[in-house]
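Here the structure comes first, spelled out in structure tokens, and everything after it is commentary.
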Amino acid sequence: MGEVVNNQIIDDRDTPVSPMASLSPLSPEDLAALQENLREQRLFREDQLRQIAAVPSRTDALIQRRSAAQTEVRVKLAASARMVLADVEAALDRMAEGRYGRCHLCRRPIDRERLMIVPQARYCARCQQVREAGR
Ligand SMILES: [Zn+2]
């Protein structure tokens with residue numbers, strides 16, 4: 001890592017003078033706003049998961065029959081909430097370690113505009129598109 005093998009790698013700004021300085025599109029204010037956004041999302045998802053888990057357990061046959069479909073919806077909701085929560089927590093970890101805002105695939109900084117919309121994004125818009133097209 002960080003070794004200059006040929007000219008292509010020079011663009012990989014891995015020399016950490018200040019970790020944040022290498023992520024040019026993001027100012028400290030941007031990072032603060034994104035961190036707050038991520039923390040709010042984390043709270044929201046944790047809350048959502050608590051609510052999903054806190055469904056009253058009834059033994060009534062009619063309610064049980066009706067709730068079979070609801071259970072399926074709940075399981076799906078919980079799964080997606082957990083997925084987003086994991087992404088949000090991973091983004092907060094990256095932020096704490098000073099390597100936030102860089103694409104996991106091409107290692108280029110992710111566009112500021114993209115991060116403002118999806119603060120937990122792991123990939124730049126281009127790599128995300130490639131991944132989705134490959135499904
Ligand atoms: Zn990328």
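In the set Val73, Val84, which member is assigned to a helix (DSSP H, G or I) and either among the small types (Gly, Ala, Ser) or at pLDDT 95 or above (or both)?
Details: Val73 fails: either among the small types (Gly, Ala, Ser) or at pLDDT 95 or above (or both).
The match here is Val84.
Hey, among Ala121, Ala90, which residue is in a loop (DSSP other than H, G, I, E, B) and at pLDDT 95 or above?
Ala121
How many residues does region 82-107 contain that are farther than 23 Å from Leu43 by Cα and in contact (Cβ under 8 Å) with a residue 40 or more places away in the chain? Give the derivation first.
Filtering region 82-107 down to residues farther than 23 Å from Leu43 by Cα leaves 102-107.
Those left that are additionally in contact (Cβ under 8 Å) with a residue 40 or more places away in the chain: 102, 107.
Count: 2.
Which residues, counting only those in region 92-111, are surrounded by 17 or more Cβ atoms within 10 Å (Cβ to Cβ) and on the phi > 0 side of the Ramachandran plot?
Gly101
Quick test for you: out of Ser24, Ser67, Ser57, Ser18, pick the one residue that is modelled with pLDDT under 65 and more than 30 Å from Pro109 (Cα to Cα). It would help to see each step written out before you state the result.
Numbers: Ser24 fails: more than 30 Å from Pro109 (Cα to Cα); Ser67 fails: modelled with pLDDT under 65; Ser18 fails: more than 30 Å from Pro109 (Cα to Cα).
Result: Ser57 is the single residue among Ser24, Ser67, Ser57, Ser18 that is modelled with pLDDT under 65 and more than 30 Å from Pro109 (Cα to Cα).
Quick check on my filter: what residues within region 87-101 are closer than 15 Å to Asp30 by Cβ, out of contact with any Lys or Arg (no Cβ under 7 Å at 6 or more places or on another chain) and within 16 Å of the ligand (Cβ to nearest atom)?
Within region 87-101, Ala91, Arg94, Gly101 qualify.
Right, Asp93: within 25 Å of Arg50 (Cβ to Cβ) and out of contact with any helix residue (DSSP H, G or I) (no Cβ under 6 Å at 6 or more places or on another chain) or not? If you could, list the steps in order and put the result at the bottom.
On the way: within 25 Å of Arg50 (Cβ to Cβ): yes; out of contact with any helix residue (DSSP H, G or I) (no Cβ under 6 Å at 6 or more places or on another chain): yes.
Taking the combined requirement at face value, the residue satisfies it.
Name, by its number, the condition in (1) of a type outside the set (A, V, I, L, M, F, W, C); (2) surrounded by fewer than 14 Cβ atoms within 10 Å (Cβ to Cβ); (3) within 15 Å of the ligand (Cβ to nearest atom) that does not hold for Arg114.
(2)
Exactly one of (1) surrounded by 14 or more Cβ atoms within 10 Å (Cβ to Cβ); (2) in contact with a Phe, Trp or Tyr (Cβ under 9 Å, 6 or more places away or on another chain) is unmet by Val130. Its number?
(1)
The values are calculated or read from the model by the stated rules, or taken from the named source; none is laboratory data. Everything numeric here is computed off the predicted structure, so don't read it as measured data. In this analysis, Cβ positions are derived from the backbone assuming ideal geometry, glycine residues included, and neighbour counts consider all displayed protein chains.
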